[in-house]
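Derivation of every value follows stated rules applied to the coordinates shown; laboratory data play no part. Predicted, not measured: the structure shown is a model, and the values here were computed from it. Neighbour counts are summed over all protein chains in view; Cβ atoms, including those assigned to glycine, are modelled from backbone coordinates with ideal geometry.
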Amino acid sequence: MKSPGKRASSVAVIDIGSNSVRLVVYQSMTRSLITIFNEKALCGLGREVQTTGLLAPDAVKKALTSLRRFRALCKVMKVGRVHAIATAACRDASNGPDFIARAERICGVQIQILSGSREARLSALGVISGVHKPDGVVGDLGGGSLELTDVRGSRVGKGVTLPLGSLALQDLSHKSLKRAERIVKTELSEAPQLRAARGRSFYAVGGTWRALARIHIIQSGYPLRVMHGYSIPAAGALDFARRLRRLAAANMLANIEVVADARRPLLAYAALVLENIIRAAKPKMIVFSTFGVREGLLYEKLPASERSRDGFICAARDLNELLSRSSRHAQELIEWTDRLVRVIKLRENEDDRRLRHAACLLSDIGWRVHPDYRGEQTLNLITHGNFGAISHPDRAFVALSVFYRYAGLSEQNEPPMAIQELVSPPMLERARVLGAAFRVAHLISAARPGVLPATHFRTSGRKLMLVFEHRLVDLVADRVGSRFKQLARLVGRSGSIVRH
């Protein structure tokens, strides 16, 4: 992984939306995007487009001012390549072309005005890049429109664009939630994509829906403040959306401090759209995604071989190269645990193996931290890491595995119960086994390459043996033996060390 100081390969996206204008700078064009700068301005370009057909003059002024700053920031940061896109407000407003021409002169790049179908596709590609094997319907709620697209793995279905963005609804309904609901029901009744969502996931994309997720996380006391991958059973999301509407009717949303002032009036419209989508589509889960059009745009530009890579494994490899003592040792640890799994006949499916490999890559990232805090710090780093292609339970599993590697398995050093409760009991037990294996492997090798390949596993009845090749017998010690016996007990065996 290249150091953050090298900006030659960096790439930026300027996203001119109906509500916000945003600049996001990524370290490089890779499968696992690393954000090094992110700033938005809530300009409200689309707040009057439905009724007047125009971008509001004050919103235009604010957006152009923001774009001047964004262009200056790109120069200061020496961004390698800048892409610029515009969505519903600019494509629908009669003065949109004039605004875009002025914006292009400021930005110094061509601005791509996305059609509705193009915006839907890019949003779906964003979810594909940020969710492991997605299966459901992507809904991207912006200020001016709602895009709905079916996704199955890496396949993108035909998308549809509806004028149900939060600002558009507020404008069309003249700020009446009753009128807005009639509009929503009429538009959604003609969207065939919703019928395909039954019993599957609905992926909610867009800033105002993320604001709803933030409120839900805080109100429910959920332990992770990570928007991406946060999921709610559809029934619970429906109750939450109804409750927000009641609060809006009672004018009780104005003081929600965790949401920006300019977004608060839009929460009720976002909740209204979500409520009616759940009623019409009957999905199983609502999954919030911070990956959307911008990430989809860059994902689309990657070579096919790069797009096919596992996003979370790529992120884990990047962190391994940046923070671990030896990236090669991590690969040897993957192969060492592969052998252990085969010998003890531990049942693993493809997803289990994927998470184990990721945990191996991250097992040494805390070595610079004070020994008393390595478990705690790595747990926080992994559970709150800014990466995609992993669910919250899977984050917790990987984090717990590495926590146990550092903190040990005694009852005095248990991780927070709230994190343990994110995983199932079998996953928690598997994390303990993996953490115990890491404790053995890192003690033997001191995280240096070339050691683990010279150790092997054997079984005899219920006995598990760790065999050291002759050249490494001096590495055998009582501490190694006690840790290996602990690992063996966790898998229902007795353990012993053998010198070959």
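Hey, if you put +1 on the Cβ of every Lys and Arg and -1 on every Asp and Glu Cβ in segment 1-129, which of 26, 95, 85 ends up farthest toward the positive end of that dipole? Of 26, 95, 85, it is 26.
Rounded to the nearest whole Hz, the Karplus-based 3J(HN,Hα) values (6.51 cos²θ - 1.76 cosθ + 1.60, θ = phi - 60°) of segment 15-25 follow the sequence 10, 9, x, 6, 10, 10, 10, 9, 10, 10, 10, with x at glycine and proline.
The Cα center of segment 300-366 and the Cα center of segment 416-467 differ in position by 15 Å.
Annotation: peptides 349-361, 143-155, 225-237, ranked by per-residue average of other Cβ atoms within 10 Å with the highest first, follow the order 143-155, 349-361, 225-237. Checking the Cα-Cα distances for 178/284; 61/175; 40/61 against a 20 Å cut-off, the pairs over it are 178/284; 61/175. Pairing the Cα long axis of helix 57-76 with the longest principal axis of the chain, what angle in degrees results, from 0 to 90 and rounded to the nearest 10? Long axis of 57-76 versus the principal axis of the chain: about 40 degrees.
Each Lys and Arg contributes +1 and each Asp and Glu -1, all at the Cβ; summed about the Cα centre of segment 117-296, the dipole is approximately 400 debye. Its alpha carbons considered, the chain gives a radius of gyration followed by a Dmax of 25.5, 83 Å. Seen from all directions on average, segment 117-296 presents a Cα convex hull projection of 9.1 nm². Peptides 128-137, 77-86 ranked from most to least packed give 128-137, 77-86, packing being the mean of other C-beta atoms within 10 angstrom over each peptide's residues. Annotation for residue 305 and residue 246: the two label points, set 7 Å from Cα along the Cα-Cβ direction, are 5.8 nm apart.
On the beta carbon distance between residue 154 and residue 75, with R0 = 45 Å, the FRET formula returns roughly 0.80. A full extension of the chain between residue 474 and residue 174 corresponds to an added length of 100.0 nm, given 0.36 nm per residue minus the alpha carbon distance. For the chain, the longest principal axis of the Cα atoms and the long axis of helix 311-323 meet at an angle of about 60 degrees.
Look at the alpha carbon pairs under 8 Å that are at least 6 residues apart: their mean separation over the length of the chain gives a relative contact order of 12 percent.
The slack in the chain from residue 61 to residue 498, taken as 0.36 nm per residue of separation less the alpha-carbon distance, amounts to 149.8 nm. Dipole of the chain computed with +1 at Lys/Arg Cβ and -1 at Asp/Glu Cβ about the Cα centre; of 222, 467, 132, farthest Cα towards the positive end is 467. Rg of the Cα atoms in segment 1-130, relative to 2.2 N^0.38 Å, amounts to 1.08.
Checking the cross-link filter: which lysines have an alpha carbon closer than 27 Å to that of residue 345, excluding same-chain neighbours under 8 positions apart? Result set, ordered by chain and number: 133, 463, 485. Fully extending the segment from residue 52 to residue 182, taken as 0.36 nm per residue of separation minus the present Cα-Cα distance, adds 44.7 nm.
Please list, by residue number, everything in segment 150-185 whose backbone N is under 11 Å from a paramagnetic label point 7 Å out along Cα→Cβ of residue 95. Backbone N within reach: none found.
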